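Notes follow the structure.
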Amino acid sequence: MLRFALKRVLGAIPTLLVLIALAFFLIKAAPGGPFDTDRRLPPEIEANLQAAYNLDEPLYRQFGLYLGGLLKGDFGPSFQYRDYTVTELIAAGFPVSLRLGGLAMLLAFVVGVAVGTVAALKQNAFTDHAAMAAAMIGISVPNFVMAPLLVLVFAVTLKWLPAGGLGDWRNFVLPVVALALPQIAYIARLTRGSMIEVLRADFIRTARAQGLPQRAVIIRHALKPALLPVISYLGPATAAIITGSVVIEQIFGVPGLGRFFVQGALNRDYTLVMGVVVFYGVLIVVFNLIVDLVYGWLDPRVQYQ
Amino acid sequence: MNAATKTSTIRGRALSTDVWETLKKNRAAFVATLLLAVMSVMVVVAPILSPYAFDATDFDRISVGPSLSTLHLFGTDALGRDLFVRTMYGGRISLMVGLVATAVSLVIGIAWGATAGFIGGRSDHVMMRIVDVLYAMPFMFFVILLMVFFGRSIVLIFVAIGAINWLDMARIVRGQTLSLKEKEFVEAARAGGVSNVKIVLHHIVPNLLGVVAVYVTLTIPQVILVESFLSFLGLGVQEPMTSWGALVNEGAQEMETAPWMLIFPGAFLATTLFCLNFIGDGLRDALDPRDRSN
Amino acid sequence: MADAVLEVQSLNVRFTTPDGPVQAVRNLEFRVNPGETLGIVGESGSGKSQTALAIMGLLAANGRADGSARFKGDELIGLSDGDMNRVRGAQISMVFQDPMTSLNPYLTVGNQMRHVLQRHLGLSRGEALRHARTMLEMVRISEAERRLAMYPHELSGGMRQRVMIAMALSCRPGLLIADEPTTALDVTVQAQILKLMRELKSEFNTSILLITHDMGVVAGNADSVLVMRDGECREYGSVDKVFYKPADDYTRALLAAVPRLDEAMPERLATVSAPPTELGAEIAAVEKPRTNHAARQLLTVDGLGVRFRVAQPGLFARAQSLVAVDDVSFELAAGETLGVVGESGCGKSSLARAVLQLIPTASGRVCLLGRDLEQLARRELKNMRRDMQVIFQDPQASLDPRMTVAQIVGEPLNTFRPDLGQPERNERILSVLLRVGLAAEHLNRYPHEFSGGQAQRIGIARALMFDPQLIVCDEPVSALDVSIQAQIINLLMDLQVERGLSLIFIAHDLAVVRHISHRVMVMYLGRAVEVADRQSLYEHPRHPYTLALINAVPIPDPVVERSRQQQPLSGDLPSPLEPPSGCGFRTRCPHAIQRCADERPLLRPVGKSLVACHRAEEIE
């Protein structure tokens, strides 16, 4: 297990390097970019940039220094917000995004697996068809369409819940649901498919031939293999939820990292945008790594191969 | 005895037959195909029939609801532009992005995946490692970076989206190629002196097509979604041109006073994705080799 | 009569399918007495497995059983799932065909066994694990304690089936249903498992319902036999009666179709229903017969070696090299058949592919018609391929599913005769198709419309297109039912006589190889351990492995089976990644001495055979 884990951790390093390099050189290549010397910049930002990126150094050294800064948690100065560093902005926005995304993820996993399992067990019955029709709608309606609709129905028309902002838990209900819905749908479909496949396997027939009751067959024998595809989907799901949070935060006015990102993108705050990309990219790579390790721990055959 | 011509009407399992049989049997997929066809024709033809241009302001009717009498079928937006025509124009962009970007990803993905799978060994290992690394990138963010740094252009959107989606295609094609390559019918062809090029063209590619067809129908909605997402954030096509994502964005801002601005483009977008997903699901049920046994 | 363990009366099994209802079992009646083994034999689709599943209440969702199946007087058909669960595993238990997929890959052996015991015997976790360990010892698994913590993939095939048996017997059921329990196993392992089942049957005082397609397995293990075909009972009686005085035509045909290891067979195997070759014979007569150069050397294989690179687990481990074929030499004369036998992983398929130059060779030479194939330029090799063809094991997999029969059989024409016009093409395609017993109406069909036997005929037709000198047959009949197998073997032998073909016939079934071969080569762990003419090999096996193989094959003759002394080979095949030093077979050989570990035995003449064993002279 330790060797397996070590191998996977080492395997993630090139991915991280490519990620950071891609962001760094992209911004370098940008016309009218922050390092464009023809540009008139406020002197204090000019000075900050000079200090942060050592612009007079050769390119590879600049990259090295940027990497070094990242290791220390230093994302450089913001382009737009003169008094803040990018690190400070991330530190301010991320906790909010984390709460939103974490809740959505939890909701997606629990509800998705439950719905998918029930549908698989009632295969081709009404429950199954209804659940899968709902799931089809869930993956076909983009969350930036779903979110305003939810606001229109529950906030504007019914006035049951606030349309966003920060406050108590009630402010979180609509954004979390809007963010989670496509993932619930996807996970439900995934779970149903893999559960049906597992239930057809020979070893399930063996378990039944031993007189184990249906519940024991499902819980002890079928659930784990059926959940493995769902576990490995959690990596892409994280990426999808982070991406989705960008629009959801925008729509509901949640002051999270995604909102900073969009503002930064529209204001051409290059350093902030790049910082967020690198930060989220690292987050996704690390989360993928964790999912990978959990999978290896759950499936005895992985380490063996 | 001319038996060969006598029996030539017997139907076998050519891919086109497979697809057709599937669609006939799966009613949902059949209806979805029809609906999609109708919408495609509509977005192309309908704007021509409407008296309004997509960027013309009707100063008498700003932000009015749908009405047959004014011929503003879906109402107008805050600038008095006809929403019906704008929705159709948005559809043109969305469908075009869907097709072009999918074609881009198809070409790169098949070339990369088939090469890796067929050559195998070390090259395969290196090529797939590259795919793995790229796969872990938060590409949506990179596309946004591109839009921010290099300005918004429709070509850039095509290329960027196509460049994301080829990864899945490459993986699938490579996996299929690897398993096909080991199939005994390919060995039989090699034993019969058939050249590598002909093996790829006559044996590998025809057997890949089913899976690729399924995957293409599932890639188009993803691609449309990405474009709408960018447009929703204001990073996609630029005014006065529009796309469904941009229209939804405008609608979301006006939804309390003009809900039609949200509902019509949103419905068109969702229905298109819905149809494509349904067709993809139906095709997969029929063509996925894993399900052949049932 | 009331003391039968299982009594089945007018059992019917029906399935509702999209193509309409299908009756899988029709009006079946039989009984299993205490301590008795009833063998149910039949070919695929005969309904034998569905009978077992119906008794266990495990039919697929679209299946329904009616009639009666009484276990010790209690009716099983129509029992609720809850009531049935008290019977399954406790009173009646089942062992399935493929032990790899039948054990849960995500649970340790101990946990899987524990669930059953805790459920039926109400044991605590600790007690259940202790009991599980005892059971593993009873099925002769060494280091039982350690095995409990292992996952199925960490065990060998034979050991997995032992675990299945241990699990099935752990609650001391009155009846054990074994559905093709040894079909997925090698013949030496099959012998171990069958012996174990015979021993445990008396130890546990269990009755057995043994389902199999193999007449030999039935002969040696069953007391009574029921022959099924198309869901119906064709013959039912004591094993002696069914084998020596079969009343039913189908039983007789089935018995006649099985090649036997212990006696020379008539030139043609009897077939259940004659293949439609009448038409083909006329066409074949038009083809000019090839002059037979007597004993002309066709193929020389000299010191052939094949290696594969295998990726190893671990951080910095380098790919390891697996020796699949190690220094194999043989010659093949025109019109001769060389049989190659060995168990899975012995390298026989790699040998076939290396001879055909489908995979790269690591060492040695392959000369066809005096030309070294590896020295040939690509174009020359391509031209040589007209003379060396191949037939594969899985007939469906060897045909491109998206091509019609005409396209498949005509592919060699595209390669070598692109100049031919359509009429001439069609004519040539049709003529080979007719020769293998297919008809013109098959030309435009796709492979999935054919049965296994017909598909194999298509494969043979493709190989015959350019009248090759050599056909390498890689397990061409092992995926087929006995009656179909006989047809294909007859076809191959007819073609050989007719066209002076040379065959390399690879199989794991020693009886089939005996029937078709002139000479036989036995392989073990990539090496040839014995090469001899057919008679010498089967009547005077010199290598201990050959002897063990021959002893392990069940013979479809109850009296012969009863009189054989059964001492199956112990242990499993060593990993080809870490072959033993010296003689590869020494770890399982009852005659192994120190020299066998130190020095690798080379093939040398002993009597009329070539044998790779230091002690060949001493062993008789």
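Consider the range A:206-224 and keep the residues that are within 9 Å of another protein chain (Cβ to nearest Cβ), without any contact (Cβ under 8 Å) to a residue 60 or more places away in the chain and surrounded by fewer than 20 Cβ atoms within 10 Å (Cβ to Cβ). The one that is farthest from residue A:246 (Cα to Cα) is A:213.
Of the helices (runs of 4 or more DSSP H) lying entirely inside the range C:35-110, those containing at least 3 residues that are more than 25 Å from residue C:203 (Cα to Cα) and either in contact with a Leu (Cβ under 6 Å, 6 or more places away or on another chain) or away from every other protein chain (no Cβ under 14 Å) (or both) span C:48-56.
Applying a threshold of 7 Å to beta carbon distances and a minimum spacing of six or more residues, or different chains, the list of pairs starting in the range B:232-252 at a residue that is facing another protein chain (nearest Cβ under 7 Å) and ending at one that is surrounded by fewer than 22 Cβ atoms within 10 Å (Cβ to Cβ) and in a loop (DSSP other than H, G, I, E, B) reads B:235/B:152.
Could we say that residue B:158 is more than 14 Å from chain A (Cβ to nearest Cβ) and either crowded, with 20+ Cβ neighbours inside 10 Å or touching a residue at least 24 places away in the same chain (Cβ under 8 Å) (or both) here?
Numbers: more than 14 Å from chain A (Cβ to nearest Cβ): yes; either crowded, with 20+ Cβ neighbours inside 10 Å or touching a residue at least 24 places away in the same chain (Cβ under 8 Å) (or both): yes.
Taking the combined requirement at face value, the residue satisfies it.
Away from chain A (no Cβ under 14 Å), more than 27 Å from residue A:17 (Cα to Cα), surrounded by fewer than 23 Cβ atoms within 10 Å (Cβ to Cβ) and in contact with a helix residue (DSSP H, G or I) (Cβ under 6 Å, 6 or more places away or on another chain): does that describe residue B:199? Criteria met by residue B:199. Cβ separations smaller than 9 Å between residues 6+ apart or across chains give the following pairs from the range C:598-612 residues that are over 13 Å from residue C:528 (Cβ atoms) to residues that are not acidic (Asp, Glu) and not in a loop (DSSP other than H, G, I, E, B): C:605/C:611; C:607/C:532; C:607/C:536; C:608/C:532; C:608/C:535; C:608/C:536. If you go through the range B:98-134 and keep only what is small (Gly, Ala, Ser) and buried (at least 19 other Cβ atoms within 10 Å of the Cβ), you end up with B:98, B:101, B:105, B:109, B:113, B:114, B:116, B:117. Taken over the range C:137-149, the residue count meeting the criterion of being assigned to a loop (DSSP other than H, G, I, E, B) and farther than 21 Å from residue C:568 by Cα is 1. Of the helices (runs of 4 or more DSSP H) entirely within the range B:74-154, those holding at least 3 residues that are farther than 30 Å from residue B:60 by Cα, modelled with pLDDT of 85 or more and within 13 Å of chain A (Cβ to nearest Cβ) occupy B:121-135. Candidates in the range C:363-395 are the residues that are within 24 Å of residue C:520 (Cα to Cα) and among the aliphatic types (A, V, I, L, M); of these, the one that is nearest to the other protein chains (Cβ to nearest Cβ) is C:390.
In the range C:16-30, what residues are surrounded by fewer than 18 Cβ atoms within 10 Å (Cβ to Cβ) and assigned to a strand (DSSP E or B)? C:16, C:17, C:20, C:21, C:22, C:23, C:26, C:27, C:29, listed by residue number.
The residue that is nearest to residue C:406 (Cα to Cα), counting only those in the range C:452-470 that are in contact with a Phe, Trp or Tyr (Cβ under 9 Å, 6 or more places away or on another chain) and hydrophobic (A, V, I, L, M, F, W, C), is C:458. Residue B:26 meets the stated requirement of being within 14 Å of chain C (Cβ to nearest Cβ) and either closer than 27 Å to residue B:91 by Cα or modelled with pLDDT of 75 or more (or both). Being closer than 30 Å to residue C:26 by Cα and of a type in the set (D, E, K, R), is that true of even one residue in the range C:167-187? There is at least one residue in the range C:167-187 that is closer than 30 Å to residue C:26 by Cα and of a type in the set (D, E, K, R). Is it true that some residue in the range B:186-193 is within 14 Å of chain A (Cβ to nearest Cβ), small (Gly, Ala, Ser) and either surrounded by fewer than 18 Cβ atoms within 10 Å (Cβ to Cβ) or out of contact with any Asp or Glu (no Cβ under 6 Å at 6 or more places or on another chain) (or both)? So far as the range B:186-193 goes, no, none of its residues is within 14 Å of chain A (Cβ to nearest Cβ), small (Gly, Ala, Ser) and either surrounded by fewer than 18 Cβ atoms within 10 Å (Cβ to Cβ) or out of contact with any Asp or Glu (no Cβ under 6 Å at 6 or more places or on another chain) (or both). Applying the criterion of at least 1 residues that are of a type outside the set (Asp, Glu), away from chain C (no Cβ under 14 Å) and within 23 Å of residue A:75 (Cα to Cα) to the helices (runs of 4 or more DSSP H) found wholly in the range A:229-305 leaves A:257-267, A:270-298. Scoring residue C:130 on the criteria (1) away from every other protein chain (no Cβ under 11 Å); (2) of a type outside the set (S, T, N, Q); (3) buried (at least 20 other Cβ atoms within 10 Å of the Cβ) leaves a single failure, condition (3).
With respect to residue C:338, is the statement that it is more than 30 Å from residue A:10 (Cα to Cα), touching a residue at least 12 places away in the same chain (Cβ under 8 Å) and within 14 Å of another protein chain (Cβ to nearest Cβ) true? Considered against the rule, which asks whether it is more than 30 Å from residue A:10 (Cα to Cα), touching a residue at least 12 places away in the same chain (Cβ under 8 Å) and within 14 Å of another protein chain (Cβ to nearest Cβ), residue C:338 comes out as no.
For the range A:254-271, residues that are more than 11 Å from residue A:94 (Cα to Cα) and surrounded by fewer than 23 Cβ atoms within 10 Å (Cβ to Cβ) total 5. Within the range C:445-461, the presence of at least one residue that is within 11 Å of another protein chain (Cβ to nearest Cβ), assigned to a helix (DSSP H, G or I) and either among the aromatic types (Phe, Trp, Tyr) or without any contact (Cβ under 8 Å) to a residue 24 or more places away in the chain (or both) is confirmed.
The values are calculated or read from the model by the stated rules, or taken from the named source; none is laboratory data. All values reported here derive from a predicted model rather than from experimental measurement. Cβ atoms come from the backbone with ideal geometry, glycine included; neighbour counts cover every protein chain shown.
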